[in-house]
Amino acid sequence: MHEKTVVVIGGGFGGLRVAKMLAATPVRVLLIDRRNYHLFQPLLYQVASAGLEPEEIAQPVRAILRRQKNVEFRLAEVSSIDLDRRVVRANGMAIGYDFLVVAAGAETDTFGNASIAEASLGLKSLQDAVAIRNHILGQFERAVLQADTERRRSLLSIVIVGGGPTGVEMAGALSELVRLVLTRDYPGLHPEDIHVTLLEAQDRLLPGLPADLAAAAQAGLERKGVEVRYGAQVERCEPDRVILKTGEILMASTAIWAAGARAVDIVRNLGAPLGSRGRVKVEPDLSLASHPEVYVVGDAAYLEVGGRALPMMAPVAIQMANTAADNIRRKVDGRPSKAFRYRDPGGLATIGRNAAVAYVHGLKFRGFAAWVVWLVVHLIQLIGFRNRLLVLVNWAWDYLFYDRAVRLITSPDDEKRTSSRSA
Ligand SMILES: Cc1cc2nc3c(=O)[nH]c(=O)nc-3n(C[C@H](O)[C@H](O)[C@H](O)COP(=O)(O)OP(=O)(O)OC[C@H]3O[C@@H](n4cnc5c(N)ncnc54)[C@H](O)[C@@H]3O)c2cc1C
């Protein structure tokens with residue numbers, strides 16, 4: 001009997017999980033990704049804030065899957081998907097499939113604002129994270145050479161836009177980097193010239209967590225010297241300033257955009273109905289209504305549960321991948337598909353040393369207890385024993401010596417360049 005081919009686009013949380021879950025199914029799995037590694041995005045901000053090396057949060061896909069006999073990997077960028085012909089086009093190849101799983105994720109969304117795309121830094125890839133690190137360290141070096149006080153303050157000011165988990169964690173980590181580490185590296189600079197501001201358009205942080213935990217996160221950030229501002233909408237970004245819709249100007253030579261994400265191009269151009277953020281509307285079993293052999297999972301998929309769209313989070317991607325793989329297995333066996341059921345594990349956000357908020361299976365944690373939960377959860381989820389060990393050593397070093405391991409400016413020329421943003 002002809003062995004079915006399952007093409008999986010994306011080796012992130014969703015795609016990798018689908019490939020692994022099909023290990024014992026009599027199908028041939030072809031996993032395609034434009035990069036040769038799986039990236040643990042929740043720790044990207046630690047690369048950006050000089051705490052971890054890029055390699056410590058990434059693992060080659062071939063190494064992860066090398067023991068699995070029925071899977072092959074192709075390093076290629078998918079340019080289009082022809083649903084009617086059942087063909088995926090990538091790097092000049094036309095790859096046919098019996099089942100397709102689209103797990104291509106999301107990219108930073110600057111909502112069509114060209115100035116934000118041009119003058120702010122996004123955080124979606126390893127290149128983005130290294131670019132932020134290079135940029136901030138470069139600004140401190142420039143500040144040392146700058147005699148003009150106002151100009152120096154602008155070089156030492158960082159604005160982070162977006163009060164979700166990425167913005168909150170980034171603000172906490174950068175505040176600690178500049179206040180605990182860089183002030184020692186740059187004794188000639190005045191600590192009062194350094195400013196970290198977190199802007200949020202709504203009236204609270206961390207919309208996925210209970211309001212009291214969000215308030216605790218705000219208080220934790222303020223204790224670390226972060227200025228948290230609500231109702232702040234950005235109109236424009238320029239190299240040395242952020243301009244709000246009210247006309248207010250914040251002089252800051254670093255703007256980090258953590259305020260939006262949307263599904264990647266190939267997902268938005270699939271020709272299927274789209275929900276918010278360019279995500280593809282899927283049926284309850286995660287397939288496309290018009291093409292039941294095609295599944296969409298993770299950040300690329302739009303599904304409402306209880307009247308609310310599921311968030312773009314790793315647990316959603318992983319749980320969707322389990323269901324999609326199960327449904328492919330069922331179809332191969334001639335059994336009916338089953339509907340996706342989401343079990344919300346809660347959420348976590350760290351604010352820095354000894355400080356985090358966590359809402360896990362209905363239980364609320366804050367402060368040191370939440371921070372320990374956060375450390376354990378992230379270490380467990382990181383792929384690869386070597387990476388876990390290196391991350392643990394780095395964290396212990398930072399904790400004991402108030403230090404950051406990776407304060408290198410590796411490429412001053414590309415410090416403002418990011419790889420995965422769209423205007
Ligand atoms: C900075 C940051 C922090 C985050 N923190 C958290 C957190 O703390 N907790 C949490 O639960 N979630 C967090 N998330 C969200 C989480 O990372 C995503 O929800 C999750 O990665 C989605 O999984 P996915 O498989 O859908 O996509 P991804 O993991 O993004 O994987 C998509 C894959 O598709 C590949 N790809 C894309 N386009 C193509 C193409 N055309 N051709 C070939 N390959 C392609 C990409 O290279 C990538 O490997 C964070 C995200 C970011 C950016």
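Regarding the range 49-70, can at least one residue be identified that is away from the ligand (no atom under 15 Å from the Cβ) and touching a strand residue (DSSP E or B) at 6+ places or on another chain (Cβ under 6 Å)? Yes: the range 49-70 contains one or more residues that are away from the ligand (no atom under 15 Å from the Cβ) and touching a strand residue (DSSP E or B) at 6+ places or on another chain (Cβ under 6 Å). The sole residue among 370, 349, 317, 325 that is within 29 Å of residue 45 (Cβ to Cβ), in a helix (DSSP H, G or I), in contact (Cβ under 8 Å) with a residue 60 or more places away in the chain and within 16 Å of the ligand (Cβ to nearest atom) is 317. Checked against (1) open to solvent by 10 Å² or more (accessible area, probe 1.4 Å); (2) under 26 Å from residue 402 (Cβ atoms); (3) away from the ligand (no atom under 16 Å from the Cβ); (4) of a type in the set (Ser, Thr, Tyr), residue 166 passes all but condition (3). Which numbered condition trips up residue 46, out of (1) more than 8 Å from the ligand (Cβ to nearest atom); (2) surrounded by fewer than 22 Cβ atoms within 10 Å (Cβ to Cβ); (3) under 30 Å from residue 133 (Cα atoms)? (2) is the only condition that residue 46 fails. Looking across the range 135-190, the residues that are more than 30 Å from residue 210 (Cβ to Cβ) and among the basic types (Lys, Arg) come down to 142, 151, 152, 153, 184. Within the bounds of the range 76-91, is there any residue that is out of contact with any Gly (no Cβ under 7 Å at 6 or more places or on another chain), under 30 Å from residue 386 (Cα atoms) and either open to solvent by less than 70 Å² (accessible area, probe 1.4 Å) or within 12 Å of the ligand (Cβ to nearest atom) (or both)? Within the range 76-91 (the criterion being out of contact with any Gly (no Cβ under 7 Å at 6 or more places or on another chain), under 30 Å from residue 386 (Cα atoms) and either open to solvent by less than 70 Å² (accessible area, probe 1.4 Å) or within 12 Å of the ligand (Cβ to nearest atom) (or both)), the answer is yes, since at least one residue qualifies. Residue 74 passes every criterion in (1) over 20 Å from residue 328 (Cβ atoms); (2) of a type in the set (Lys, Arg); (3) not in a loop (DSSP other than H, G, I, E, B) apart from (1). Of everything in the range 10-29 that is open to solvent by less than 10 Å² (accessible area, probe 1.4 Å) and in a strand (DSSP E or B), the residue that is nearest to the ligand (Cβ to nearest atom) is 29.
The values are calculated or read from the model by the stated rules, or taken from the named source; none is laboratory data. Note that this is a predicted model, so its numbers are computed, not measured. Quick reminder, even Gly has a Cβ in these numbers, built from the backbone with ideal geometry, and neighbours come from all protein chains shown. Surface accessibility is based on the protein's heavy atoms, side chains included, excluding ligands, DNA and RNA. Shrake-Rupley method; radii C 1.70, N 1.55, O 1.52, S 1.80 Å.
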